[in-house]
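The values are calculated or read from the model by the stated rules, or taken from the named source; none is laboratory data. All values reported here derive from a predicted model rather than from experimental measurement. So basically every Cβ, Gly included, is an ideal-geometry build from the backbone, and we count neighbours across all protein chains shown. In case anyone asks, the SASA skips ligands and DNA or RNA and just uses the protein heavy atoms, side chains included. Shrake-Rupley method; radii C 1.70, N 1.55, O 1.52, S 1.80 Å.
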Amino acid sequence: MVNIQEVNKYLYKYREEILPKYWYNIIPDLPKPLPPPMDPKDTNSRIELLQRILPKEVIKQQFTIDRFVKIPEEILEKYVVVGRPTPLFRAIGLEKFLDTPARIYFKYEGALPTGSHKVNTAIAQVYYAYSENVEGVTTETGAGQWGSAVALASSLYRLKSIVFMVKTSYDHKPARRSLIEFYGAEVVPSPSKITRFGRSLLENNPDHPGSLGIAISEAIEYALEHGYRYVMGSVIDVVLLHQTIIGLEAMRQMELIGEEPDIIVACVGGGSNFAGLAYPFIGLRNKGKRFIAVGSAEVPKFSKGEYRYDYPDTAGLLPLLKMITLGKDFVPPPIYSGGLRYHGLAPSLSLLIRERVVEAIEYREVEVYKAARIFAETQGIVPAPESAHAVKAVIDIALEARKRNEKITILFNLSGHGLLDIDNYKSMMIRYGRF
Amino acid sequence: MEKLLVVYITLGYPSIEKFTQFISQVGDCGASYIEVGIPPSFAKYDGPAIRRSYEYVKSLGINAENVLKIVAKNSSAPVIALTYLDDYVNNLDEFAEKMLSTGIEYVLLPDLLIDYVDMYRDIVNTLHKYGIKTTMFVSSSTPDKLIAEASKHSKPFLYFGLRPATGIPLPVDPVILVTRARKLVQNKLVVGFGLSIKDIEKVVKAGADGIAVGTAIIEAIEKSDVEKALELVKELRGVLDDL
């Protein structure tokens, strides 16, 4: 008979061994100084604004030079609640299918309740807001991934959350909207009537479709007016810091099975899931390793982006960041990897790509779609369209290894599952065929 | 050893007369060095108050070279000229000659180690060739290795900025930052960027040889007058001397 106590003891020990007590901050280990956030010419200070809308501890972490930042007990506890440490899988099915000598491992962030890595930073930021005794938090969401992560984090700390959802998504992604509401958050179509900015837009155009930039503006205005805190989903250093829990866990998990990755791969939107997996390895154990960031060819920031100061948000409310960017007004084609449509790239990751510490490649949606199908059919998990970019790169690397008969070890981030994107995949099946 | 107090003022602010009064008296009020900001075309790493002062001075249409000559003649402490390399990177020799002819000994370029890090040694060498000394500016996001290396080219001290922009009191931990920098450099270490009075004791105990003050001076002049700013310098000198 199963001894429950023994099982619990084992689970506890496993968790204790894997779950890190610190996040890792790459700033002091970068090859060059990170250009600081900058205020634009002739305007109010955006850096000053940050101070009024973000929790103090979040700002402190944004500018810290400590290599390791302690994770508070209250956050660790919630990490355990949502299922950390997440599993590390070996993709045996995929390896067999590709007939490759490469060993392929992936960290599965899709195992988290909202289906992606986003909740790792949502929990941290919401906790710091909660510890300032505010009534609630605000944020924006496009397709809904980030919104649901914030809604969950807020419900864990019993804090109110108001999610400004881009009007078109609000109308066309009812499942995501319901998920956010199910967690107890208030979802407001943006532009909305509850902010001055929203009302001014609706006056001119009652059917305004909204945009992520507008939703950010509304979330910030609401936070300012109501004493709420604003939480951010990607790009800024502090978000990347929180996500390093992924790589720190993976490092430990690989150690326990006696493996060391040669190549580390993740997809890139704003950069947080890539940084999450790769930064601990880049900063602490990079010898002989390759790091590969995978983007979308439809949002060609690696091949066509410039390295310069640009706004992280379309509305231009936040401080300028020096990053690889297609320009804040870049309009992406309607690809389905919503998370990769972002015009910019986290400053630290931009710098690492410029310095050639990280390699960057891009794939077209049709190639990514095929890779997603292969992965689903050989491994069972439907990858999020974003994460499928990493899958595509891994397949190519593994096939290359077969040609050269190289026994390399690959580690990639499966940052989310694609069950909530199945309508998108359906549309790809219609467009690109079933194969 | 006396703790260093580095006092910032924008060139020609708030008027040539008041500015001249300020720089001729500030040394006696306790300033060890006067840092004079030459209005750049874009003060990208400065905070709102200093940016306002630049815009104001520009609107007065002053001639920087002429005012710098006044500085050399009237200053009551050694002068460090602060300006952005952005404006001079293509005519560095001309810039060095200009500084030399106005009698400026030290130059601080806040963007040197951020935007021109690949060529900073060449730039420093060029300036040194003309006899201009460089006051290097590093910040909390400068990697350890570069802080240690840049410090060797820095005179009369290494300027360590605690925050990403001047004058905005973002919550950073000055003690952690200064302790780290202290371990990396042999040079005198001056700490600036949004320090409050209660921070001063902490950063000095953590190993700083002095502090720099800028935004508070400009704000004192904005709200009141140069007399008020001079009083603030005296007060800061008092705090430093009591430690």
Per principal axis, descending, Cα span of the stretch A:257-416 in whole Å: 48, 34, 25
Dividing the convex hull volume of the Cα atoms of chain B by its residue count, what figure in Å³ per residue is obtained? 112
GNM, chain A, Cα, under 10 Å: largest mean-square fluctuation among A:Glu16, A:Glu135, A:Glu298? A:Glu16
How large is the convex hull of the Cα atoms of the stretch A:157-307 per residue, expressed in Å³ as a whole number? 180
Using a 10 angstrom cutoff on alpha carbons, build the Gaussian network for chain B and name the most mobile of B:Val26, B:Val89, B:Val138. B:Val89
Out of every Cα pair in the stretch A:171-254, what percent are spaced more than 16 Å from each other? 67
Quick check: with the 1.4 Å probe, what order do A:Ser303, B:Ser24, A:Ser234, B:Ser53 take by accessible area, largest first? A:Ser303, B:Ser24, A:Ser234, B:Ser53
Inter-chain shielding metric for A:45-54, i.e. average beta-carbon neighbours from other chains within 10 angstrom, reads 3
Which whole-number percent gives the relative contact order of chain B, counting Cα pairs below 8 Å spaced six or more residues apart? 23
Taking beta carbons within 10 Å but only from partner chains, what does the mean come to for residues B:102-114? 1
What Kirkwood hydrodynamic radius do you get for the protein assembly as shown when you take the inverse of the mean 1/r over all pairs of distinct Cα atoms, in Å? 26.8
Find the relative contact order for the stretch A:275-394 and round it to a whole percent, using C-alpha pairs within less than 8 Å whose residues are 6+ positions apart. 27
On a C-alpha basis, how far is the centre of the stretch B:188-243 from the centre of the stretch A:363-390 in Å? Whole number, if you could? 58
Scattering profile of the stretch A:373-435 at q = 0.14, 0.22 Å⁻¹ [log10 I(q)/I(0), Debye over alpha-carbon scatterers]: -0.47, -0.95
Considering only the protein assembly as shown, percent of DSSP beta bridges that pair antiparallel, nearest 5: 20
Relative intensity, log₁₀ I(q)/I(0), of the stretch A:5-131 from a Debye sum that treats every alpha carbon as a point, q = 0.09 Å⁻¹: -0.42
Quick one: what Rg and Dmax do you get for the stretch A:315-410 from the alpha carbons, in Å? 16.2, 52
Linear extension gain, A:Thr378 paired with A:Arg252, 0.36 nm per residue minus alpha-carbon span: 42.7 nm
Could you work out the mean count of beta carbons from other protein chains within 10 Å of each residue's beta carbon in B:139-149? 6
The stretch B:60-104-the stretch B:114-135 distance, computed between alpha-carbon centres (Å): 16
Gap separating the Cα centres of the stretch B:136-164 and the stretch A:80-109, nearest whole Å: 43
Using the structure shown, select from B:Lys183/B:Lys205; A:Lys107/A:Lys322; A:Lys56/A:Lys322; A:Lys56/A:Lys167; B:Lys73/B:Lys234; B:Lys73/B:Lys188 the pairs with a Cα to Cα distance greater than 25 angstrom. A:Lys107/A:Lys322; A:Lys56/A:Lys167; B:Lys73/B:Lys188
If one takes the longest principal axis of the Cα atoms in chain A, at what angle in degrees, from 0 to 90 and to the nearest 10, does the Cα axis of helix A:145-156 lie? 80
Run through the stretch A:336-435 and list the GluC sites (Glu not before Pro) located in a DSSP loop whose Cβ has at most 11 other Cβ atoms within 10 Å. A:Glu355
In whole Å, what are the Cα extents of the stretch B:1-144 along the three principal axes, biggest one first? 41, 40, 31
Once the convex hull of the C-alpha atoms of the stretch A:292-346 is built, how many Å³ does it hold per residue, rounded to a whole number? 82
